[in-house]
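Worksheet: the structure to be examined is printed underneath.
The values are calculated or read from the model by the stated rules, or taken from the named source; none is laboratory data. A quick note: this is a predicted structure, and the numbers were derived from the prediction, not measured. Virtual Cβ from ideal backbone geometry, glycine too; neighbours counted across all protein chains shown.
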Amino acid sequence: SSDTALVNLLVLSFSNAGMKEKNSATTASTLGRILATCSKQAKDYGSCVASIVHEIEKDLCLKQFLALKSCMQHTVKIMSPRPSSSQTSVGSGALSHAYIQHPSLRCNVPESRGLFYDDANRLLICVTSSQVFSWETATFNPDVSPSVDSIPEGPILSVRFSLDKKVIAVQRSDCEIQFFHRETKQTLTHKCRAGSESLLGFFWSDSPLCDLAVVKTSGMDLFACDSAMNLRLVETKKVNVNWYIYTHESRLVLLASGLQCKTITGFQLSTAGVVRLPKFEMTLASTESNSKPIISAGDVHLVTVYGRIYCVQVDMEAMLLHTYRFYRDAVVQQGSLPIYSSKLSVSVVDNLLLVHQIDAKVVIIYDLFVDSRAPVSAPLPLLWRGYQGSDTSPQAASKENESPESSTSSENIVMYEDAWTFLVPDLILDQTNKVLWRVHLDLEASWLAISASSSDRTSLLEFLQRRKLEANKAKQLCLGIARALILERRPATQVTQAIDVLVTAYSYSVKAGIYKELKNGKTTATIPTNDGASPDNERGRASGSSLDEEEEEVEMNLPSGPADEQQESQLSSPAISPDELYKFVFASVEEMMVEESDYLVAIITEFLRSISAEKLKVDLNIYVMTIRLLARSKRFAELSLFTANKIIEPSKEVALQLLESGGQDPRVRKLGLDMLRQLSLHHEYISSLVQDGYYLEALRYAQKRKVTSVRSSLFLEAAFASNDMQHLAAILRVLSELIPGFKETSEYYTFHGLLNETSSSVAV
Amino acid sequence: MGNETKSNGASSLGGGGGGFRAKMEHYVYSGEKKHVLAGIGIFTVIFGIPWYLMNRGSNNHRSHQDYMEKADKARKARLSSSPSPSSDNQIHAVNDPLTQGFPCPYKHNSAMSEPVAQSFGLCLLGFILKGFYEILEAMGMASMNSSGESLKLCVFDLRRGQNEGQELDKILFFYPPDVTFSTQLSVIGLSEGLITFTRLFSPEAACEVIEAERHSHVFHEAEPDIWMVMVVEKNKEIEAIWRVDALQKVLKEVHSLFVMFHGSIRSLLDKEPSGGLIRSHLYPFITDYLNDLSVGKKLQLPSFRETLKERGTVQMLTLARDAALEVQSLVGVLDSCAGTLRCHSVILFHDLLVSTTLSPDDTVDLFTFSVMRLTSNALSSGTSSWSYLRKGTSLSQTSSKSTSPQLLVSSDSLPSGNGHDAGRVIRPLQHNKWIKGKDGFLVTDIWGKDATPTIWLHQRQERVHLLAYQQKCLTLVLLVPTEAIVNGELDISFVKHQVIENATAKILKVEEKLSKGWGGENAYHVSGYRYLLVDNDMEVSRASPSGKVATLAKETLLAVNKLRETVDTEKSRTKEEKDMEICIRAKNNAWAIARVTRGKELYMALEKASDTLLDATDSVQSFSNRYCNGTFSMD
């Protein structure tokens, strides 16, 4: 297994290099050079993996792996003239899957009294004694200037804007919320009964029933709020609440009660209405030292991945992270992840769960889609990166002139500071520096790490196909993997599986309307990015719970606000169309596979089968290529079989290729001729017939179909060359009937004259 | 009728025949055996001269004009579209549409083309030989009236036994085996004489057939100087009417099957020049093969009843695109079952070919063998045998069991004095020797216990191991290169394991798909038509199901037989592929129509008595458009 891992690693970086260089001819030597340069590191890593192959943890050979990777990256970088992936980084080893990137969002407000995040509106809010500054974080543009509102002075426990952003609600104390209308400057104060209950918090809702939910120790009050800012109590949910958590993206509020706070009551306030989830208990291990541990609000996180809502709960005693999945009428525990730190937080980037092991200062990435609870990659530190120099990202390009600032700001970043707050889904608020970061994922790095840890390219492709954020990069990586699989002459079954993954993913995304051709010129703004659209079959497979098939998911109607769009990426889906697969995979490897066209034909057949099963169409050039390959290896019998069974779909281009390949075998040429005739391509058919010397048949055909576009001299010259005056005379006769005015042309005179010379008794 | 079958295109020269025959009698009728070769020499001189003159391209108005007149007459008949009841089988149209539509002044003046001259010459020659042979026959030298056996089949090598007294050395195989050596020698001597004689005129292709009063001699030069000759008795029974080409195909088939299993005859001769080896191989092989042809106690040769069948071609299953892709996907898996060396495979469903990765020639051989011995129908031998090829002899499948002991008894009495007794001779065509094993693979002990059969691929010039796998009606024949099998049975079982592991799912899927689309025995029946479609390039044919062909009247079948003979003659005249259309009105007013276009042939019998020729050609046209992609649509 060490061998496979090693080979994988090498090959991947090799194909990576090849991809960047766009010069496939040099890839072989590239690999050679990489191998030569990094042989020691490769050996070290390999022997390390081999020695601990039975161990469970993934990061045991981290040191060796890092050495090898950086060596290979270095080699690749040296060899590729363009510094395409050059980036300034801090942190050791410069390797990570997750990073925060300059520029950050800064809140340079003097006298700031606190930073808040309104996840419903995705606003970063900074308050001073009498002012509220709010920044849009959806676009994450550091240039954006905050909007400023004045509010009366007073303590501020939390701030949330209403969903239409007309009202600012400020929690002043544990029993008072104040509302300020931004336009009418109207003010309203809501108080709860002091003493008997205290206010825990509030949030705005877009459910039809209510606009505002206020969570108190005695339960949750739902209010409707009209435009004149009158609050009307709609419903009260009576629960004893110790603490609550709510995320707007899941519309789910969890109310914790009980001594250990492990009894959870959940409500979903979605556009479909208010749904009460069944009450459930969280799992908590008890130890001797702490027989009754208590769950705090910070231990529970709501996570939305692939349109499913999970709750992850920290069990510090057991050092486990329990996951629960919410269905409409059930909550199912899904398994547990190990934790390596006493402090923990989670983010979600691109449907991947990032578990920040804060004490250890590393991130572990999990893909909750698949059954296994194994991490996607080894734990690696979170990195800080400068802007990407030559990247195509417009945001980065526009910010290039601010690079000096970034270098200055980089110095005071301390990873996983105590003051860091992890916001839903992927933001980090640095309270001390008053900076907001967004967590990014380095797809290439995680891809490399995954492939190093498993040789299963199929699951790797599946993983990449699920990526949405850096769709373009994921797509390129997928293409690279597919190419590499073929170039490595992997067993056809493996390649088939990989192709199936790509084709089904494409087919699915077309059906779901996610995939849009780039040339349509449509922006991503029109594309729904509804996370709830995970395919049914995959959903069933992923959780393996019997409940799953029977019950609908809670979050069926998850809204997709405009804020969900990923505007820095041009593509919304890494799906690869069959045409692209042909162009970037098959066509590009054809030259290198000259010696093994049999293999390539087998792969193409599988590809055709796959797209035919999905009822997709493909560029007909792939058929032309298939013919070329079959003819090259002289498999004419199969070629005729392919044509007869319409595996190679008939078209003009295909027919012409058959004619061309038929130079070596007249039977193949006949296939081409037949195809031309069946396609009613009269002109080409007649020309080819004449070319083969069947000028009489050609003329007969022309006469029958009234085809006059073929040069008449073709027939005449052919007949004259065959020295058959009888035929020549007949042809002259037919042509003069077929083509009006033929008798006046010079050709007629020429050949008529020739005829007369040969025989004096001729009379046409 | 006997007269009818005898006339082999030479009837136009009927007038002159008597003279030749008289002269020949004068020279040869001395009654001495020795004079036969001398007589041949004399003929060579006498008739070589006119032949030479003819070949110089001098005018040959007579024959050519005959031909053109005939064509003219036929054209008129066709245009009037009223069948003339005068003769029983009349050629109505030899269609050359271009000249037909545009009468050309050159028609009668043009110099005779080379093929016509040659064919004229051969006709003449054939006629001479016929006369010559009849004399021999009358003299009792050919001794054809032995033991009521209607068939003689021999294989001999012209390079052997050149010296007097060693003639026996020539004989490699003779059937029936129980005839005396002198009879064998006389048959072979005669055949050799004819071959030597005709070679004088046509060194490239010596004689193909000699038709005599009571016998037909069918020749096939299987390998250079190795000849197979079949002598069939012209019984007065009407069933004994055959097409020479069909008989030749039998010879070709048995030879190419032999080569597939044992390699070429010449190579076996080279291996052991005494000839014992080849004799010990040929004897059981051809006997086993002939077993398949036997009905009751007689051998049933392909008669006119089987005229809408083509031996030596493959019948294919038509596949929808998605099924074809599944099949190819399976083929891809099978290809890689032996690691890096590519395997070949042939897949059959029932008795139809689904896919092949072999060249057409090899495919035909393997297909023929599979249909004979491997497919589900062949395994359940006799119980419900259905096949394009062998429906007509389905009775023989059951009856052969009773006859085979008879034939095999004689195999024990095989002349072991041939000097070869080294080991067992493998008999690949033995009956009832294949059984389906537990793992789905077909096993046999023909090649010895636990030994895997090997066959010789002609195109790739390599020997391969043959593995057959069966899933219900789906039969997979996997050919593994011998280089891939280093450790013998160990590697074989590895390949088997690979097949089961990697391909089982796909095999099941393909089987399911094909079964769903399977139209049954009569899937390729087109109501109202009885047809045969042949693609000579791919060696593929398709025909009306034999059950449907059997409903045709005898006259119709005879007409089709006649038609096919005509086309065979036309085709042999010219190497160039050309278009032609021939329509024959049979005695019972049925139409027999042939269309030939660039390597593809369509034969059709239409039994609607009221049809005019125009109706008939329209029917052919619509058939062509509907079922042949318009290949035969010419007008």
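Identify, by number, the condition in (1) farther than 28 Å from residue A:667 by Cβ; (2) within 34 Å of the chain's Cα centre (by Cα) that residue B:531 doesn't meet.
(1)
Restricting the search to the stretch B:457-480, which residues are surrounded by fewer than 19 Cβ atoms within 10 Å (Cβ to Cβ) and within 29 Å of the chain's Cα centre (by Cα)?
Passing the criteria: B:458, B:459, B:460, B:461, B:462, B:463, B:473.
From the list A:599, A:582, pick out the single residue that is under 23 Å from residue B:510 (Cα atoms) and not aliphatic (A, V, I, L, M).
Just one listed residue meets the conditions, A:599.
Looking at the structure I just gave you, is residue B:597 within 13 Å of another protein chain (Cβ to nearest Cβ), within 23 Å of residue B:245 (Cβ to Cβ) and modelled with pLDDT of 85 or more?
Yes, satisfied.
What number of residues within the stretch B:340-359 satisfy the criterion of being more than 10 Å from chain A (Cβ to nearest Cβ) and of a type in the set (Gly, Ala, Ser)?
Going through the stretch B:340-359 one residue at a time, the tally reaches 1.
Per-residue answers, yes or no, for (1) within 21 Å of residue A:587 (Cα to Cα); (2) at pLDDT 90 or above; (3) of a type outside the set (Val, Ile, Thr):
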residue: A:635; (1), (2), (3): yes, no, yes
residue: A:653; (1), (2), (3): yes, yes, yes
residue: A:657; (1), (2), (3): yes, yes, yes
residue: A:668; (1), (2), (3): no, no, no
residue: A:681; (1), (2), (3): no, no, yes
residue: A:685; (1), (2), (3): no, no, yes
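Could you run through the stretch A:221-263 and say how many residues are in a loop (DSSP other than H, G, I, E, B) and either modelled with pLDDT of 90 or more or not acidic (Asp, Glu) (or both)?
Qualifying residue count for the region: 16.
Which of the residues spanning the stretch A:738-759 are over 13 Å from residue A:725 (Cβ atoms) and of a type outside the set (Val, Ile, Thr)?
Of everything in the stretch A:738-759, those that are over 13 Å from residue A:725 (Cβ atoms) and of a type outside the set (Val, Ile, Thr) turn out to be A:738, A:740, A:741, A:742, A:743, A:744, A:746, A:747, A:748, A:749.
Does any residue of the stretch A:333-341 turn out to be crowded, with 23+ Cβ neighbours inside 10 Å and assigned to a strand (DSSP E or B)?
no
For the stretch B:470-493, enumerate the residues that are in contact (Cβ under 8 Å) with a residue 24 or more places away in the chain and more than 15 Å from residue B:454 (Cα to Cα).
The answer is B:470, B:471, B:472, B:473, B:474, B:475, B:476.
Pairs only if they're at least six apart or on different chains, beta carbon under 8 angstrom, first in the stretch B:505-519 and among the polar types (S, T, N, Q), second surrounded by 14 or more Cβ atoms within 10 Å (Cβ to Cβ) and part of a loop (DSSP other than H, G, I, E, B); list them, first residue then second.
So the pair list comes out as B:515/B:472; B:515/B:473.
Of the conditions (1) modelled with pLDDT of 50 or more; (2) in a helix (DSSP H, G or I), residue B:394 fails just one. Which one is it?
Looking at each condition in turn, residue B:394 falls short on (1).
Condition check ((1) of a type in the set (A, V, I, L, M, F, W, C); (2) in contact (Cβ under 8 Å) with a residue 40 or more places away in the chain) across all residues:
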| site | (1), (2) |
| --- | --- |
| A:109 | yes, yes |
| A:112 | no, yes |
| A:117 | no, yes |
| A:139 | no, yes |
| A:148 | yes, no |
| A:181 | no, yes |
| A:188 | yes, yes |
| A:191 | no, no |
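For the stretch A:615-632, state whether one or more residues are farther than 30 Å from residue A:699 by Cα and either among the aromatic types (Phe, Trp, Tyr) or within 9 Å of chain B (Cβ to nearest Cβ) (or both).
Yes, there is a match, as at least one residue in the stretch A:615-632 is farther than 30 Å from residue A:699 by Cα and either among the aromatic types (Phe, Trp, Tyr) or within 9 Å of chain B (Cβ to nearest Cβ) (or both).
Looking at the stretch B:571-580, can you tell me whether even one residue there is in contact (Cβ under 8 Å) with a residue 40 or more places away in the chain, of a type in the set (Ser, Thr, Tyr), over 26 Å from residue B:521 (Cα atoms) and in a loop (DSSP other than H, G, I, E, B)?
Yes, that holds for at least one residue.
I need a count of the residues in the stretch B:571-590 that are away from every other protein chain (no Cβ under 14 Å), closer than 24 Å to residue B:616 by Cα and not aliphatic (A, V, I, L, M).
Qualifying residue count for the region: 6.
Restricting the search to the stretch A:96-125, which residues are outside any loop (DSSP other than H, G, I, E, B) and over 34 Å from the mean Cα position of the chain (by Cα)?
Result: A:114, single match.
One line per residue, one yes/no per condition, for (1) at pLDDT 90 or above; (2) farther than 30 Å from residue B:556 by Cβ:
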{"site": "B:218", "(1), (2)": "yes, no"}
{"site": "B:222", "(1), (2)": "yes, yes"}
{"site": "B:226", "(1), (2)": "yes, yes"}
{"site": "B:239", "(1), (2)": "no, no"}
{"site": "B:245", "(1), (2)": "no, no"}
{"site": "B:249", "(1), (2)": "yes, no"}
{"site": "B:252", "(1), (2)": "yes, no"}
{"site": "B:260", "(1), (2)": "yes, yes"}
{"site": "B:274", "(1), (2)": "no, yes"}
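Do you know which of the residues in the stretch A:634-649 that are over 16 Å from residue B:329 (Cβ atoms) and within 38 Å of the chain's Cα centre (by Cα) is nearest to the other protein chains (Cβ to nearest Cβ)?
Only one residue fits best here, namely A:649.
Just checking, which of A:715, A:751 is away from every other protein chain (no Cβ under 14 Å) and among the aromatic types (Phe, Trp, Tyr)?
Exactly one of A:715, A:751 is away from every other protein chain (no Cβ under 14 Å) and among the aromatic types (Phe, Trp, Tyr), namely A:751.
Considering the stretch B:305-322 alone, what residues qualify as being within 32 Å of the chain's Cα centre (by Cα) and either of a type outside the set (D, E, K, R) or at the interface with chain A (Cβ under 10 Å from one of its Cβ atoms) (or both)?
B:307, B:308, B:312, B:313, B:314, B:315, B:316, B:317, B:318, B:319, B:320
Just to be sure, is residue B:505 of a type outside the set (S, T, N, Q), over 20 Å from residue B:312 (Cα atoms) and at pLDDT 90 or above?
yes
Could you tell me how many of the residues in the stretch B:325-339 are without any contact (Cβ under 8 Å) to a residue 24 or more places away in the chain and either farther than 20 Å from residue B:455 by Cα or more than 9 Å from chain A (Cβ to nearest Cβ) (or both)?
Residues meeting the conditions: 2.
In the stretch A:667-703, how many residues are within 11 Å of chain B (Cβ to nearest Cβ) and not in a helix (DSSP H, G or I)?
Within the stretch A:667-703, residues that are within 11 Å of chain B (Cβ to nearest Cβ) and not in a helix (DSSP H, G or I) number 5.
Which one of these is buried (at least 21 other Cβ atoms within 10 Å of the Cβ) and either touching a residue at least 24 places away in the same chain (Cβ under 8 Å) or out of contact with any Lys or Arg (no Cβ under 7 Å at 6 or more places or on another chain) (or both): B:540, B:526?
B:540
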